[in-house]
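What follows is calculated from the coordinates using simple rules that are stated; it is not laboratory data. All of these numbers come straight from a predicted model, not from anything done at the bench. Ideal geometry is used to build each Cβ from the backbone, glycine not excepted, and the neighbour counts take in all protein chains shown.
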Amino acid sequence: MFLAALAIGSALIAFWAAIRFPERGPDGFVRAFLHVVLSFGVGWAAANLFVVVVGFGKEAAFAAIFAVVLPALVYAFLAGAWFLKLAHGAMNHYRH
């Protein structure tokens with residue numbers, strides 16, 4: 001349950017940021033795709049860092065969830081939102 005809540009909360013934070021600050025997102029597909037690729041790397045590094053931190057005990061693991069895993073998930077969802085926003089705009093351009 002906690003992992004599902006963490007993922008849903010991360011997605012909500014990311015989508016809120018994408019809607020609240022639309023000017024902060026990338027302006028082209030190449031940059032958006034680079035953010036998506038970078039978010040995979042950040043997620044991989046966060047998972048490895050979390051494994052290391054878990055060895056220090058429950059308190060460190062709990063802190064790492066909110067200091068390492070949450071930001072990595074938010075960035076992954078934010079990169080996806082930016083890419084989807086650009087794709088939606090491109091599709092609307094060709095619709096008319």
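Largest first, the three principal axis extents of the alpha carbons in the chain are 57, 23, 21 Å in whole numbers. Packing around the peptides 79-85, 21-27, 46-52, taken as the average count of other Cβ atoms within 10 Å per residue, puts them in this order, highest first: 79-85, 46-52, 21-27.
When the chain is described by a simple charge dipole with +1 on each Lys and Arg Cβ and -1 on each Asp and Glu Cβ, the residue from 57, 40, 90 located farthest towards its positive end is 90. Charge dipole of the stretch 2-95 (Cα centre as origin; +1 on each Lys and Arg Cβ, -1 on each Asp and Glu Cβ, all else neutral): 200 debye, rounded to the nearest 20.
The phi torsions of the stretch 66-74, fed into the Karplus equation with coefficients 6.51, -1.76 and 1.60 and a -60° offset, translate into couplings of 8, 9, 10, 6, 4, x, 5, 5, 4 Hz, rounded to whole numbers, with Gly and Pro shown as x. Between 9, 81, 70, the Cα set farthest toward the positive side of the dipole of the chain (charges on each charged residue's Cβ, about the Cα centre) is that of 81.
For a paramagnetic label modelled on residue 12 (point 7 Å from Cα along Cα→Cβ), amide N atoms under 17 Å away belong, within the stretch 75-96, to 75, 77-78. Remark: relative contact order (the chain) = 43 percent; criterion is Cα-Cα distance under 8 angstrom and separation of 6 or more residues.
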